[in-house]
Amino acid sequence: MNRLAIRLLTLAMLSLTLAAAPVVSVVYAAPDNDPPPPDKKKKKSSEARPGSEQTAFADGYRAAYAAIYDRHDYASAIGQLKALGRDDTAAVANLIGYSYRKLGDYKVSQFWYERALKADPGHVKTWQYYGLWQVEQGNRDQAQYHLNKIAQLTGTASEEYRSLAAALEKPPGTGLVY
């Protein structure tokens, strides 16, 4: 099955789960197509339907995710992610960092990856993407550190580990962008 079909099937299953379950539990070691949990600090208005804020957030997150991975529209995705008002969460900050990296703005990308890890030091996808950032920058020792961190968090069989390990196996200076 091709990647697009898998993503669409995953998105459909997630949508059905969200519609059927009043509370969604998010595991951050999973791919970032799952939105982060609701911000408990924000108060809901008494007029809003229960869960409507979380549903709006999840819909916005999915739209930004599709802009990134399906359409490669990184600039648009950055705006969508920032508009969610949750760029202090690891999943959102990581995708913003990824988008800036794909646009070639490595300094801003680094800021967002570090923000994501500050929000959640166990966010595996950030360790992977920031590790790929390190490879692109020629910082192979730092990339190895990120790979070791992923191994601690998920083991060596995870997709995040395999992806970063494969990037590190490539010869230095090949100019590859991941």
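The values are calculated or read from the model by the stated rules, or taken from the named source; none is laboratory data. Not measured: the values here are computed from a predicted model. Using ideal geometry, Cβ is built from the backbone for each residue, glycine included, and neighbour counts are taken over all protein chains shown.
Quick rundown of the values:
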| quantity | calculated |
| --- | --- |
| Members of region 113-159 that are buried (at least 16 other Cβ atoms within 10 Å of the Cβ) and touching a residue at least 40 places away in the same chain (Cβ under 8 Å) | 120, 123, 124, 125, 132, 135, 136, 153, 154, 158 |
| Selected residue (criterion: farthest from the chain's Cα centre (by Cα)) from residues of region 135-178 that are among the acidic types (Asp, Glu) and at pLDDT 95 or above | 141 |
| Hits in region 69-92 (condition: more than 18 Å from residue 56 (Cα to Cα), among the aliphatic types (A, V, I, L, M) and touching a Lys or Arg at 6+ places or on another chain (Cβ under 9 Å)) | 90 |
